[in-house]
Every structure is written in structure tokens, then in C-alpha cells.
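Participant: Please find one structure pasted underneath; my questions will follow.
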Amino acid sequence: MRVLVEMYFPFRSEIGGGPVELELPEGGDVAAALAALVARHPVLRERLYDRQGQVHRHIAALVNGTAVQYRQGLATPLRDGDVLTLLPPVGGG
């Protein structure tokens, strides 16, 4: 199945541009998509994973516009044609 991954600054700047299309096996989930993304673009490893290999808690992931925290977290299943959006931490005050 094919999944489109949209990323925003600073992620996008580190891989040179726009969305990334990933080919994943059927039954893949958000965690599998992140692993495939890092396999293709190793420069993202430190941005997405901590030293223990866990996805950073501050990374926001959305599937078709809905935050995965309201679904099944990183185990949220993906389907052909889904759009996975990765957002960096946002601060303000």
C-alpha cells in the first residue's frame, strides 16, 4: 500500500522538500511508516526517536487530519492512500 507522508519545518528542510510517498506492507501502522521513513532518510532518526528508540513524545502525528492520540496511537493502522502528517513541537507564550 502507498502512504503519503507530509512533514513541516524542520523535518521537511532536512530531507530537501515536499511529501514522501512510502510503500508499506498491508496492515502497516504509523510506527511502521515512521520506521520506513527513517530507513529512507536516516537524518530524521534523531528528530523522531530518542536514544532508547522510542518516538519522541513531542511529535504530533495525524492520519487523514486526525491526531493518532485519539485513535490507537502509533499502532493506528494505515490504508492505501492515507496521508500521515508529522508536526514538530509547537511552543509559544
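Participant: Quick one: would you say G81 is under 14 Å from V5 (Cα atoms), surrounded by fewer than 14 Cβ atoms within 10 Å (Cβ to Cβ) and either β-branched (V, I, T) or touching a residue at least 40 places away in the same chain (Cβ under 8 Å) (or both)? Steps first, please.
Facilitator: On the way: under 14 Å from V5 (Cα atoms): yes; surrounded by fewer than 14 Cβ atoms within 10 Å (Cβ to Cβ): yes; either β-branched (V, I, T) or touching a residue at least 40 places away in the same chain (Cβ under 8 Å) (or both): yes.
So G81 fits the description; yes.
Residues are listed down the side, and each one gets a yes or a no for (1) surrounded by fewer than 11 Cβ atoms within 10 Å (Cβ to Cβ); (2) within 14 Å of E6 (Cβ to Cβ):
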{"residue": "A60", "(1), (2)": "no, yes"}
{"residue": "G65", "(1), (2)": "yes, yes"}
{"residue": "L74", "(1), (2)": "no, no"}
{"residue": "L87", "(1), (2)": "no, yes"}
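Participant: Of the numbered conditions (1) buried (at least 16 other Cβ atoms within 10 Å of the Cβ); (2) of a type outside the set (D, E); (3) over 11 Å from the mean Cα position of the chain (by Cα); (4) under 14 Å from L86 (Cα atoms), G28 fails exactly one; give the number of that condition.
Facilitator: Only one criterion in (1) buried (at least 16 other Cβ atoms within 10 Å of the Cβ); (2) of a type outside the set (D, E); (3) over 11 Å from the mean Cα position of the chain (by Cα); (4) under 14 Å from L86 (Cα atoms) is unmet by G28, namely (4).
Participant: Got a number for residues in the stretch 28-87 being among the acidic types (D, E) and modelled with pLDDT under 95? Before you say what the answer is, go through the steps one by one.
Facilitator: As a first pass, look at the stretch 28-87 and keep what is among the acidic types (D, E): 29, 46, 50, 80, 82.
If we keep only those that are modelled with pLDDT under 95 too, we end up with 46, 50.
Qualifying residue count, the stretch 28-87: 2.
Participant: In addition: Under 9 Å between Cβ atoms, which residue pairs at least 6 apart in sequence (or on different chains) link something in the stretch 22-39 that is without any contact (Cβ under 8 Å) to a residue 60 or more places away in the chain with a partner that is polar (S, T, N, Q) and surrounded by fewer than 16 Cβ atoms within 10 Å (Cβ to Cβ)?
Facilitator: D29/Q72; V30/Q72
Participant: Checking L48 against (1) surrounded by 11 or more Cβ atoms within 10 Å (Cβ to Cβ); (2) touching a Ser or Thr at 6+ places or on another chain (Cβ under 8 Å), only one condition comes out false. Which one?
Facilitator: (2)
The values are calculated or read from the model by the stated rules, or taken from the named source; none is laboratory data. A quick note: this is a predicted structure, and the numbers were derived from the prediction, not measured. With ideal geometry, Cβ positions are generated from the backbone for all residues, glycine too; neighbour counts draw on all protein chains shown.
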